[in-house]
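Chemist: I'd like to ask some things about the structure below.
The values are calculated or read from the model by the stated rules, or taken from the named source; none is laboratory data. None of these values were measured; they are calculated from a predicted model. Each accessible area value is taken on the protein alone, full model and side chains, heavy atoms only, with ligands, DNA and RNA left out. Shrake-Rupley method; radii C 1.70, N 1.55, O 1.52, S 1.80 Å.
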Amino acid sequence: MEARRPLPCVLLVEDQENVRQVFLNLLKRNGYAVTEAANGKTAIEQLKKKHFDLVLTDLRMEPVDGMEVLRQARKIAPETEVVVITGFGTVSGGVEAMKLGAYDYLEKPVESEKLLFIIRRAIEKKELVYKVEQLQKELREKYAFDHIVGKSEKMIDVLKIISQIASTDSTILIQGESGTGKELVARAIHENSARKNQPWVAVNCGGFVDSLLESELFGHVKGAFTGAIRDKIGLVQQAHRGTLFLDEISEMSLPMQVKLLRFLESSEVRQVGGSASMQVDVRLIAATNKDLRKAVKAKTFREDLFYRIHVIPLTLPPLRERKDDVELLSHHFLEEFNRKLNKSIKGFSKRAMVLLRNYAWPGNVRELRNVIERAVALTRNEKIQTEDLPFYDSDQRIFQSLGAGNAVISLRELEKRYIQQIMQKAKGDQKKAAEWMGISQTTLWRKLKK
Ligand SMILES: Nc1ncnc2c1ncn2[C@@H]1O[C@H](COP(=O)(O)OP(=O)(O)OP(=O)(O)O)[C@@H](O)[C@H]1O
Ligand SMILES: [Mg+2]
């Protein structure tokens, strides 16, 4: 059950007793917790003592006026919204208050409906701002280096390099198979750079047809092509002062590569159909799961562009080459999904962990994460067991069909039974059987002779 939300707190500052009573009753009736202050001085003391969501203050008071309450509130509690009440016909005071950071102002005589509306909206805005800040904080934490899990030698090397290069402005090329964490690493580099409070813009170069990619990247002017009904700013311009992440850069067509190179050399962009160019300052991080050198040899990737982005190359090792990380990551994801799925799975059985470590992980960390999510969601066991893992099924069937079950039999015996069974399935066709077993026909022939 969700915890009951506390009532929003309002500090009501008004020197006229009778007016204060009217506001007090109105606010209380409408679900606010109200603290009263009969003058500006008490109000400022209250602000120092307690947290308020909102201050509602009269402007004309002696000796400390509402404007001073507002100024102090901005200093003492900048997250608290302030609404001021001006005297009849003195709108200018309200305008000045807004310049000082008041959320809004109301003119006397105040209509209750209007007052309630403004207060509700002010508090909603404050909560929204708070939520956005929370989210940004979470994101920042998510992309801190310590969220890149890994203690294998290969990963430690990667982590060392990225902590060295994060603060520079160098172009980085991240290579690695699908799911090895290229985007995660790119984002972490941004979050640990001097540009962290500036935009992070990620573009999947494989996600657009050519003409579209150009206008996505560089923008276009109205009328540049059918459908360009207004000027549009490009992602490159949006990344100004920040980091531009070009994912799957190998998917870019040769003509687009020329345009990208031109931009990288000049730092100038021109919108499609436009004539003026604009200076843009971005740090580039590119990623690819293809071997770019090969692409250069095959002439699908321009050599000059390759050298332009191959300033600091970073290669993320496939998961099968860092088995220790499999274990660490499995526990990491177990925790994540325990939390998300409200479960309390205790860990992995020994055999399950052996299976996890020895699996080839063609989809790398992403695949591991999916496997753990599925296992946590579906298991009825206290610990994850072999049968909770999707690639277990086939092995288990083989074990059972070979009559081995949990019994310990010799490897030679197991192999004999296995070969017999496959031969049966292949109806004696040695070629087919060898293919199924992933061995050469000669090897099979030798084994059959034994
Ligand atoms: N070292 C790591 N520690 C924790 N999580 C990781 C790690 N590496 C990858 N992940 C997670 O694995 C998933 C895939 O990572 P990411 O999207 O960065 O891979 P990618 O290399 O960009 O893949 P693709 O080439 O398919 O785009 C994400 O959920 C990411 O958070
Ligand atoms: Mg990616």
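Chemist: Once a ≥ b ≥ c are taken as the square roots of the eigenvalues of the Cα gyration tensor of the chain, is the result rounded (a/c under 1.5), prolate (a/b larger than b/c) or oblate (a/b not larger than b/c)?
Modeler: It is oblate, given that a/c is not under 1.5 and a/b is not larger than b/c.
Chemist: Separate question: For the chain, with all protein chains present and a 1.4 Å probe, just round the carbon and sulfur fraction of the accessible area to a whole percent. Before the final figure, lay out each step's value.
Modeler: On the way: 13100 of 25670 Å².
The C+S portion of the solvent-accessible surface of the chain is 51 percent.
Chemist: For GLY219, what residues show an amide H to amide H distance below 5 Å, using hydrogens built from the backbone and excluding near sequence neighbours?
Modeler: Close amide H contacts, sequence-distant or interchain: GLY234, LEU235, VAL272.
Chemist: Fully extended, how many nm does the chain gain between MET98 and LYS151 (0.36 nm per residue separation, minus their Cα-Cα distance)?
Modeler: Working: separation 53, 0.36 × 53 = 19.08 nm, distance 5.35 nm.
The MET98-LYS151 span can extend by a further 13.7 nm.
Chemist: If you don't mind, there's one more thing I want to ask. Assuming a ≥ b ≥ c are the square roots of the Cα gyration tensor eigenvalues, decide whether region 408-449 counts as rounded (a/c under 1.5), prolate (otherwise, with a/b larger than b/c) or oblate. Kindly include the intermediate steps, with their values, before the conclusion.
Modeler: Numbers: a/c = 2.13, a/b = 1.54, b/c = 1.39.
Prolate.
Chemist: Tell me, in nm to one decimal, what length is gained between ARG121 and ARG230 on full extension, where the rule is 0.36 nm per residue of separation less the Cα-Cα distance?
Modeler: Details: separation 109, 0.36 × 109 = 39.24 nm, distance 3.25 nm.
Here the segment from ARG121 to ARG230 would lengthen by 36.0 nm.
Chemist: By the gyration tensor of its Cα atoms, with a ≥ b ≥ c the square roots of the eigenvalues, what is the shape of region 319-394: rounded for a/c under 1.5, prolate for a/b over b/c, or oblate?
Modeler: Working: a/c = 1.66, a/b = 1.34, b/c = 1.24.
Prolate, since a/c reaches 1.5 and a/b exceeds b/c.
Chemist: Ok, one more. Please build a GNM for the chain, connecting alpha carbons under 10 Å apart, and tell me which residue among TYR359, TYR418, TYR103 fluctuates the most.
Modeler: Ranking TYR359, TYR418, TYR103 by mean-square fluctuation puts TYR418 first.
Chemist: Can you tell me the relative contact order of the chain? Whole percent, Cα pairs under 8 Å, sequence separation 6 or more. Don't jump to the answer; show the numbers that get you there.
Modeler: On the way: 663 pairs, mean separation 48.0, N = 450.
Relative contact order of the chain: 11 percent.
Chemist: If you don't mind, another one. Mind pulling the angle between the C-alpha long axis of helix 254-266 and the longest principal axis of the chain? Nearest 10 degrees, somewhere in 0 to 90.
Modeler: 50
Chemist: Write down the accessible area per residue of region 147-316 in Å², having rolled a 1.4 Å probe over the full set of protein chains.
Modeler: So region 147-316 comes to 48 Å² accessible per residue, rounded to a whole number.
Chemist: While we're looking at this one, here's another question. DSSP beta bridges in the chain, what fraction antiparallel, as a percent rounded to 5? Please report the intermediate quantities before stating the final value.
Modeler: Numbers: 5 of 43 bridges.
Antiparallel bridges: around 10 percent, rounded to the nearest 5.
Chemist: How large is the accessible surface of GLU265 in square angstrom, using a 1.4 angstrom probe and rounding to the nearest 10?
Modeler: Estimated to the nearest 10 Å², GLU265 gives 130 Å².
Chemist: With a 1.4 Å probe and all protein chains in place, put LEU411, LEU355 in order of accessible area, largest first.
Modeler: I get LEU411, LEU355, largest accessible area first.
Chemist: Something else about it: For region 319-394, with every protein chain kept in place, what is the accessible area per residue (1.4 Å probe, Å²)?
Modeler: For region 319-394, the per-residue accessible area is 55 Å².
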